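Take a look at the structure below.
The values are calculated or read from the model by the stated rules, or taken from the named source; none is laboratory data. Everything numeric in this text was worked out from a predicted model, so none of it was measured. We place every Cβ from the backbone using ideal geometry, glycine too, and count neighbours over all the protein chains shown. We work out accessible area using only protein heavy atoms, side chains counted, and drop any ligands, DNA or RNA first. Shrake-Rupley method; radii C 1.70, N 1.55, O 1.52, S 1.80 Å.
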Amino acid sequence: MKKYRILKSVILSFLTPQDQSDEIIEPKDGVILESDGRTIWAIKNRKRHESITVAHAIEYWLDIGAIIEISSEEGQ
C-alpha cells in the first residue's frame, strides 16, 4: 500500500448510501491518500474513507506534482 501527501488541490468522488459526491481536497486539509493500485482511500484524523475515484488518478497527480509519495511512517 502506498501513501501520498497532497501538494495541490485534488478531487475525489465518494459514495454514500443516499448519494454520490465529489470533494475538493486541499493540502491544508491534512488528508493523506493511500492506494493499492485499484482503490484510493482518503485518511484524515485516522479515519479511512474509500473513494470511487479511479486509481489511475494517482499516476496523473504524481506527474503534475499534485501529490508526492511518502513513507508509511510519515503518513501516520
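Figures for the structure shown
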read-out: Residue list for region 31-56, restricted to those being of a type outside the set (A, V, I, L, M, F, W, C) and either in contact with a Lys or Arg (Cβ under 7 Å, 6 or more places away or on another chain) or touching a residue at least 40 places away in the same chain (Cβ under 8 Å) (or both); value: Glu34, Ser35, Thr53
read-out: Listing of strands (runs of 3 or more DSSP E) fully contained in region 1-43 that carry 1 or more residues being open to solvent by 30 Å² or more (accessible area, probe 1.4 Å); value: 2-6, 10-15, 20-25
read-out: Test: residue in region 32-41 that is aromatic (Phe, Trp, Tyr) and over 14 Å from Ser13 (Cα atoms); value: no
read-out: Trp61 on the phi < 0 side of the Ramachandran plot, in contact with a strand residue (DSSP E or B) (Cβ under 9 Å, 6 or more places away or on another chain), among the aromatic types (Phe, Trp, Tyr) and without any contact (Cβ under 8 Å) to a residue 12 or more places away in the chain; value: no
read-out: Considering residues of region 44-65 that are part of a strand (DSSP E or B) and open to solvent by less than 100 Å² (accessible area, probe 1.4 Å) only, the residue nearest to Leu7 (Cα to Cα); value: Lys44
read-out: Given (1) of a type outside the set (D, E, K, R); (2) open to solvent by 30 Å² or more (accessible area, probe 1.4 Å); (3) without any contact (Cβ under 8 Å) to a residue 60 or more places away in the chain, number of the condition Ile68 does not satisfy; value: (3)
read-out: Region 6-30 residues that are in contact (Cβ under 8 Å) with a residue 24 or more places away in the chain, paired with ones that are open to solvent by 80 Å² or more (accessible area, probe 1.4 Å) and among the polar types (S, T, N, Q) (beta carbon under 7 Å, 6 or more apart); value: Ser13/Gln20
read-out: Condition met for Glu59 (over 11 Å from the mean Cα position of the chain (by Cα) and at pLDDT 95 or above); value: yes
